Amino acid sequence: IRNEELKLWGNGPSNNFELCSEGGYMVLKGFNTIHGIEDFEGEEVVNVDGGVLFSDLNIYLTSHQKSLGYFIPAYGDISVAGFVANDGHGSIAGDEGADIVPFIRSIDKMNQRGQITTYSKQCTKKSLWKALMADQGMMGITISLRIKIRALFKVEIRIYQLGDTDVFKPNGFKAIADDCQNHMTMEWFTDANKSFITCGTETTKDVSGPD
């Protein structure tokens, strides 16, 4: 296709599956290879194609006793490239942040001529790296990425049911987050004036319940 708009079709969570437009389109679901765990610029990373789903990546890493950590989405059928393009985030209690961008170590982008360039966090100008992260796909097609990983770990889970007065009193929410320490999600039922809060704290204890 020359001098025509090329539309990309990813894994479907966004509106880019609407193909009723002029020009051609490229289906990226075939870019779904997990290339493996490797050392990259002094850190342990997993090298994946942009179309790999988090559900598949988590299964792969768990089989190797590795983990992405807390920034993964709650919904597994999201592609890695799409998640990075929107600076997606997981659920974490604390100040270190839950978005994926700080864990990206390299990204391969393909331009309109089909040329692929590898950008690494260490060797790319900060302003350009910032633009490449959460670029909404405007800076080229994401072919593959390297993501920092960590050893697999265990989390002790506690679930609280609290009323609005407990959650929204001064410093109430902060106190809950401090108690959660590592992981936190909250479901707020406004009509019932109650919340279900799931807290997670990393532990070395033996697993006491089913997976």
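Here the condition is being under 23 Å from Phe83 (Cα atoms) and open to solvent by 70 Å² or more (accessible area, probe 1.4 Å); of Lys121, Lys109, Lys169, it holds for Lys121 alone.
Looking only at residues of segment 137-159 that are open to solvent by less than 80 Å² (accessible area, probe 1.4 Å) and among the basic types (Lys, Arg), we find that the one that is farthest from Ile100 (Cα to Cα) is Arg158.
Hey, does segment 177-190 have a residue that's within 24 Å of Asn58 (Cα to Cα) and β-branched (Val, Ile, Thr)? Among the residues of segment 177-190, at least one is within 24 Å of Asn58 (Cα to Cα) and β-branched (Val, Ile, Thr), which makes the answer yes.
Yes/no per residue for (1) on the phi > 0 side of the Ramachandran plot; (2) of a type in the set (Lys, Arg):
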position: Lys109; (1), (2): no, yes
position: Ile116; (1), (2): no, no
position: Tyr119; (1), (2): no, no
position: Gln122; (1), (2): no, no
position: Lys126; (1), (2): no, yes
position: Met133; (1), (2): no, no
position: Gln136; (1), (2): yes, no
position: Ala151; (1), (2): no, no
position: Thr165; (1), (2): no, no
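Here Val48 fits the description: under 14 Å from Arg105 (Cα atoms), touching a helix residue (DSSP H, G or I) at 6+ places or on another chain (Cβ under 9 Å) and not aromatic (Phe, Trp, Tyr).
In this structure, does Gly50 turn out to be free of Cβ contacts under 8 Å to residues at least 12 places away in the same chain and open to solvent by less than 70 Å² (accessible area, probe 1.4 Å)? In short, no. Screening Gln181 against (1) at negative phi; (2) in contact (Cβ under 8 Å) with a residue 24 or more places away in the chain leaves a single unmet condition, (1). For segment 125-136, a residue qualifies if it is in a loop (DSSP other than H, G, I, E, B) and either of a type in the set (Val, Ile, Thr) or surrounded by fewer than 17 Cβ atoms within 10 Å (Cβ to Cβ) (or both), and the qualifying residues are Lys125, Ala134, Gln136.
In segment 173-199, the residue that is nearest to Gln161 (Cα to Cα) out of those that are in a strand (DSSP E or B) and at pLDDT below 85 is Met186. No other residue among Phe31, Phe71 is buried (at least 20 other Cβ atoms within 10 Å of the Cβ), modelled with pLDDT under 90, assigned to a loop (DSSP other than H, G, I, E, B) and under 13 Å from the mean Cα position of the chain (by Cα) apart from Phe71. Within segment 109-124, the set of residues being more than 19 Å from Asp49 (Cα to Cα) and under 23 Å from the mean Cα position of the chain (by Cα) comprises Gln122, Cys123, Thr124.
For segment 183-200, does any single residue satisfy the condition of being open to solvent by 70 Å² or more (accessible area, probe 1.4 Å) and within 27 Å of Val80 (Cβ to Cβ)? So that I can check it myself, show each step before the final result.
Of the residues in segment 183-200, the ones open to solvent by 70 Å² or more (accessible area, probe 1.4 Å) are 187-191, 193.
Narrowing further to those that are within 27 Å of Val80 (Cβ to Cβ): 187.
Yes, because at least one residue in segment 183-200 is open to solvent by 70 Å² or more (accessible area, probe 1.4 Å) and within 27 Å of Val80 (Cβ to Cβ).
Taking the stated definitions as given, is Ala85 within 15 Å of the chain's Cα centre (by Cα) and open to solvent by 40 Å² or more (accessible area, probe 1.4 Å)? No: the conditions fail for Ala85.
The values are calculated or read from the model by the stated rules, or taken from the named source; none is laboratory data. All of these numbers come straight from a predicted model, not from anything done at the bench. Glycine also receives a Cβ, built like all others from the backbone with ideal geometry; neighbour counts cover every protein chain displayed. For the accessible areas, the whole protein counts, side chains as well, though only heavy atoms, and no ligand, DNA or RNA atoms are used. Shrake-Rupley method; radii C 1.70, N 1.55, O 1.52, S 1.80 Å.
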